[in-house]
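Everything below concerns the one structure shown next.
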Amino acid sequence: MVELRGTDAMIAVDPQVDFLPGGSLPVPRGDEVVPPLNRWLEAFAAAGLPVFASRDWHPPDHCSFRARGGPWPVHCVAGTAGAAFAPGLRLPPGTVVVSKADAPEREDYSVFAATGLEELLRARGVRRVFVGGLATEYCVLRTVEDALAKGFEVVLLEDSIRPIEAAPGDGRRALERMRGLGAVPARLAEAAA
């Protein structure tokens with residue numbers, strides 16, 4: 001049973017249109033993260049706890065795009081419809097939106113990379129972060145790794161993540177790594193506000 005504490009915060013990682021089915025870089029079944037994320041968001045809002053939502057906010061010439069020699073199709077270009085948050089995602093009032101990977105020459109998967117997120121969390125007295133979103137083996141994994149390395153406790157919202165699976169088993173391996181590093185898995189059925 002995971003009970004929310006006054007020093008908790010939630011991080012919804014990149015729940016964006018381009019990562020949903022039909023988007024330019026679709027995560028298989030990525031749309032399935034929205035309903036459980038909404039329930040976690042509601043629990044955090046009801047408890048008066050801080051919520052952060054990250055978004056890839058790429059320039060049109062980002063280094064991760066294939067045209068620049070990167071591995072990915074063009075996705076989540078700042079200000080485009082594909083960079084918008086998923087339809088139906090209910091971010092509570094006061095959600096802090098964190099834009100990442102917005103420098104053309106640098107790929108940043110982690111929400112902590114060059115965003116000021118650590119300082120924002122520490123300013124609010126946060127000690128534990130609940131992390132869910134897309135995609136398991138990229139932005140979620142790197143965010144969890146960085147959070148743990150910076151001394152935050154991490155609760156991994158396993159019902160609110162999905163992998164791209166560029167190689168078979170990538171998602172499973174990422175889950176094993178996050179658990180091995182100390183992330184505590186949680187699902188809605190186990191939560192108690």
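Throughout, read-outs are computed from the coordinates displayed, never taken from laboratory work. Keep in mind that what you see is a predicted model, and the values were worked out from it rather than measured. Note: ideal-geometry Cβ built from the backbone for every residue, glycine included; neighbour counts use all protein chains shown.
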**Asked** Which one of Val51, Cys139, Ala12 is farthest out on the positive end of the charge dipole of segment 2-192, using unit charges on Cβ (Lys, Arg +1; Asp, Glu -1) and the Cα centre as origin?
**Response** Val51
**Request:** Give the residue from Phe65, Leu188, Val33 lying farthest towards the positive end of the charge dipole for the chain; charges sit on Cβ (+1 for Lys and Arg, -1 for Asp and Glu) and the dipole is referred to the Cα centre.
**Result:** Leu188
**Asked** Restricting the count to DSSP beta bridges whose residues both fall in segment 2-192, what percent are antiparallel, rounded to a multiple of 5?
**Response** 5
**Asked** Computed over the Cα atoms, what is the radius of gyration of the chain divided by 2.2 N^0.38 Å, N being its residue count?
**Response** 0.95
**Request:** With label points built 7 Å along Cα→Cβ from the Cα atoms of Arg173 and Ala114, find their separation and express it in nm.
**Result:** 2.6
**Prompt:** Which of Ala43, Ala83, Ala123 moves the most in a Gaussian network model of the chain with Cα springs under 10 Å?
**Reply:** Ala123
**Asked** How much length is gained if the chain between Thr7 and Val96 is pulled fully straight, taking 0.36 nm per residue apart and subtracting their Cα-Cα distance, in nm to one decimal?
**Response** 30.4 nm
**Request:** Go through 135-148, 69-82, 22-35 and give me the packing order, highest mean Cβ count within 10 Å leading.
**Result:** 135-148, 22-35, 69-82
**Asked** In nm, to one decimal, how far is the Glu165 label point from the Ala84 one, both placed 7 Å along Cα→Cβ?
**Response** 2.9
